[in-house]
């Protein structure tokens, strides 16, 4: 027999009522939560309604990212950017309102003889990102794909070595694999009408 999936004893320093010691407990699939909880249904993946709502928002974001990677999505994105440039060009041709009149500022108090002169703080110019601009660490000529784990908003580039990559890290891949294997075992037991039986390692006499 292999090692049990869930520990039967509580870890040191943990509360006695923690569900982690229960053999039916599991971790929340949402990235960033990963709390141990007791499920009410064998297909339950999230520990609370808030995590389910966050997973629903992630699914909408994931669908948008996958749609933008298609040819039709890219065409619609180019049309949207063209309409934005047309609005900016039209806005620049319209007459601009007169600038507001500067208000008189109060006179500065006299400086002490030994005090250093006051200087204005250095101004930093922030270059705003354009619409649809990707992060600087991802090259423009690469294919970018979102991670398949719920709650993970990481975009990673696809490499020729692994063109079918679906996860950004090993932890995300193992978390979703653990859930899929558990659900596959439950479906197999339900199809057979009960608990899956282990094969015999010895022949009966």
Using the basic label-point model (7 angstrom from Cα toward the beta carbon), what is the residue 188 to residue 61 distance in nanometres? 3.4
Give me the distance between the Cα centres of the range 146-196 and the range 50-94, rounded to whole Å. 27
According to a simple spin-label model (label point 7 Å from Cα along Cα-to-Cβ), what is the distance in nm between residue 89 and residue 22? 6.3
Packing rank of 35-42, 168-175, where each peptide gets the mean count of other beta carbons within 10 Å, highest leading: 168-175, 35-42
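Work out the FRET efficiency for residue 80 and residue 161 from their Cβ-Cβ distance, taking R0 = 25 Å, and round it to the nearest 0.05.
It comes out at approximately 0.15.
Read-outs: derived from the displayed coordinates by stated rules, not from any lab. Keep in mind that what you see is a predicted model, and the values were worked out from it rather than measured. All Cβ positions, glycine included, derive from the backbone under ideal geometry; neighbour counts span all protein chains shown.
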